[in-house]
């Protein structure tokens with residue numbers, strides 16, 4: 001996503017990532033890996049629960065099942081991707097194809 | 001006549017072990033080899049093929065090749081490792097909760113306020129907006145535990 005960030009910006013899309021990791025952990029990693037978009041911490045997994053994405057084993061504790069939602073300027077979900085395989089990640093091109101469909 | 005060592009048995013096993021481990025340490029780095037583990041499947045074919053060659057030689061030409069006990073032993077091990085790989089990558093990795101109540105297309109995205117990496121609270125509904133320059137949001141939930 002980072003590599004394609006300028007393309008997202010060009011299309012008027014802000015990228016926001018959410019996980020249960022605390023801010024300090026996230027900060028260290030995004031600095032190391034050079035991510036410049038917004039990362040939010042959901043340590044109480046409140047947002048993750050409201051999106052019904054709670055996953056994880058009893059040992060790990062709750063984490064998020066990977067999923068992406070494209071939200072329009074009115075706050076409506078226009079496209080979503082629920083991962084079906086832990087190893088298959090979303091590619092930016094898939095989001096751009098959806099945006100093309102909406103004329104963005 | 002001294003019988004040949006028939007090391008293609010052990011070589012086959014070693015390749016199978018590499019076929020397994022290399023996915024998690026090497027091939028996960030690139031989408032091309034991560035999304036579908038074709039590179040590892042090929043390595044398993046090579047490894048199991050080598051082991052099979054060794055077993056066939058040991059039984060068909062026992063005077064030329066050793067390995068009637070080692071062959072099946074390592075061969076079965078190799079097959080078990082292949083089985084474990086298939087289980088992890090084609091079944092276990094697909095066990096996901098149903099997310100039946102996740103917001104569907106056409107539904108409103110539930111709002112929330114969460115801290116960003118510097119601790120500043122950010123509200124989702126402040127990020128998308130209509131206006132001169134319409135703003136959309138791509139909201140990515142990821143596993144965490146970096």
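Here are some notes:
- The ranking of A:101, A:29, A:45 from fewest to most other beta carbons within 10 Å of each one's beta carbon is A:101, A:29, A:45.
- Note on B:87, A:51, A:87: ascending count of other Cβ atoms within 10 Å places them as B:87, A:87, A:51, the fewest first.
- Scaling the Cα radius of gyration of the stretch B:8-94 by the globular reference 2.2 N^0.38 Å produces a ratio of 1.20.
- Summarising the label geometry, the points placed 7 Å from Cα in the beta-carbon direction at residue A:3 and residue B:126 lie 3.3 nm from one another.
- The helix-based estimate of mean residue ellipticity at 222 nm for chain A, built from -39,500 (n - 2.57) per DSSP H run of four or more residues and divided by its residue count, is -8000 deg cm²/dmol to the nearest 500.
- Spatial separation of Cα centroids for the stretch B:91-136 and the stretch A:4-73, in angstrom: 9
- The fraction of all Cα pairs in chain B landing in successive 5 Å bins from 0 to the largest distance is 2, 8, 12, 12, 10, 9, 9, 8, 6, 5, 5, 4, 4, 3, 2, 1, 0, 0, given as whole percents.
- Extension gain, residue B:5-residue B:86: 0.36 nm per intervening residue step, less the Cα-Cα distance, totals 26.1 nm.
- Per-selection Rg to Rh, the stretch A:5-101 - Cα, Kirkwood hydrodynamic radius: 0.96
- For residue B:35 and residue B:64, the FRET efficiency from 1/(1 + (r/R0)^6), where r spans their Cβ atoms and R0 equals 41 Å, is about 0.40.
- Mean residue ellipticity at 222 nm, helices only, chain B: -15000 deg cm²/dmol; runs of at least 4 DSSP H residues each add -39,500 (n - 2.57), and the sum is divided by the number of residues.
- Per residue of peptide A:25-33, the mean number of Cβ atoms on other chains within 10 Å of the residue Cβ is 3.
- Kirkwood-type hydrodynamic radius, the protein assembly as shown: 21.0 Å, calculated from all non-identical alpha-carbon pairs.
- Exposure proxy shown here: for B:139, A:90, B:7, the number of other Cβ atoms within 10 Å sets the order, fewest to most, as B:7, A:90, B:139.
- Note: relative contact order over the stretch A:35-104, using C-alpha pairs below 8 Å and six or more positions apart, is 16 percent.
- Rounded tilt (10° steps) of B:8-25 against the dominant C-alpha axis of chain B: 10
- Across the stretch B:57-123, the relative contact order, built from alpha-carbon pairs under 8 Å that are at least six residues apart, equals 12 percent.
No value in this document is a laboratory result; all are computed from the given coordinates. Note that this is a predicted model, so its numbers are computed, not measured. Note that we place each Cβ from the backbone using ideal geometry, even for glycine, and neighbour counts take in every protein chain shown.
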